[in-house]
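Okay, so here's the structure we're looking at.
The values are calculated or read from the model by the stated rules, or taken from the named source; none is laboratory data. Remember, predicted model here, so these are calculated numbers, not experimental data. Note: ideal-geometry Cβ built from the backbone for every residue, glycine included; neighbour counts use all protein chains shown. Heads up: the accessible areas ignore ligands, DNA and RNA and are worked out on the full protein's heavy atoms, side chains in. Shrake-Rupley method; radii C 1.70, N 1.55, O 1.52, S 1.80 Å.
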Amino acid sequence: QVQVVESGGGLVQAGGSLRLSCTTSGSTFGINAIGWYRQFPGKQRELVAIINFDGSSNYKDSVKGRFTISRDNAKNTLYLQMNSLKPEDTAVYYCQGSDGKYAYWGQGTQVTVSS
């Protein structure tokens, strides 16, 4: 079992920054991809950024140049640095780890960007 816990959400003005953190624990040795997703009310979750098994990263087009995903393996922690935030970034942000067979989700953290 893998436990996933996000933190760092909050309320910020447009143009501001937030850093989300995601800490994993448990049987994490099998996790080969880990990323951030977000969900708008009434919509399905969408991929925001992901670190793949080979260390490469991918971003949703609308966040490229503004968001940066990174990880600290020693701390089993994933980060999402979000700069130049826009009201349309307002959503619940989720961290997900995958071992190729199962997906492990956190409880989500709310990010609200005011105009």
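Does at least one position in the range 61-73 carry a residue that is open to solvent by 50 Å² or more (accessible area, probe 1.4 Å), touching a strand residue (DSSP E or B) at 6+ places or on another chain (Cβ under 8 Å), over 20 Å from Val12 (Cβ atoms) and outside any strand (DSSP E or B)?
no
Would you pick out the residues in the range 42-52 that are open to solvent by 40 Å² or more (accessible area, probe 1.4 Å) and either at pLDDT 95 or above or within 24 Å of Lys64 (Cβ to Cβ) (or both)?
Result: Lys43, Gln44, Arg45, Glu46, Leu47.
Could you list, in sequence order, the residues of the range 10-39 that are at pLDDT below 95 and not in a strand (DSSP E or B)?
Ser27, Thr28, Phe29, Gly30, Ile31, Asn32
So which residues in the range 2-39 are open to solvent by 50 Å² or more (accessible area, probe 1.4 Å), free of Cβ contacts under 8 Å to residues at least 60 places away in the same chain and in contact with a Ser or Thr (Cβ under 9 Å, 6 or more places away or on another chain)?
Once the filter is applied, which keeps residues that are open to solvent by 50 Å² or more (accessible area, probe 1.4 Å), free of Cβ contacts under 8 Å to residues at least 60 places away in the same chain and in contact with a Ser or Thr (Cβ under 9 Å, 6 or more places away or on another chain), the range 2-39 yields only Thr23.
Filter the range 74-98 down to the residues that are open to solvent by 50 Å² or more (accessible area, probe 1.4 Å) and either within 28 Å of Gly30 (Cα to Cα) or out of contact with any Phe, Trp or Tyr (no Cβ under 8 Å at 6 or more places or on another chain) (or both) and list them by number.
If the condition is that a residue be open to solvent by 50 Å² or more (accessible area, probe 1.4 Å) and either within 28 Å of Gly30 (Cα to Cα) or out of contact with any Phe, Trp or Tyr (no Cβ under 8 Å at 6 or more places or on another chain) (or both), then Ala74, Lys75, Asn76, Gln81, Ser84, Lys86, Pro87, Glu88 are the ones that fit.
Name every residue in the range 27-57 that is of a type in the set (Val, Ile, Thr) and more than 21 Å from Gln81 (Cβ to Cβ), in order of residue number.
Of everything in the range 27-57, just one residue is of a type in the set (Val, Ile, Thr) and more than 21 Å from Gln81 (Cβ to Cβ), namely Thr28.
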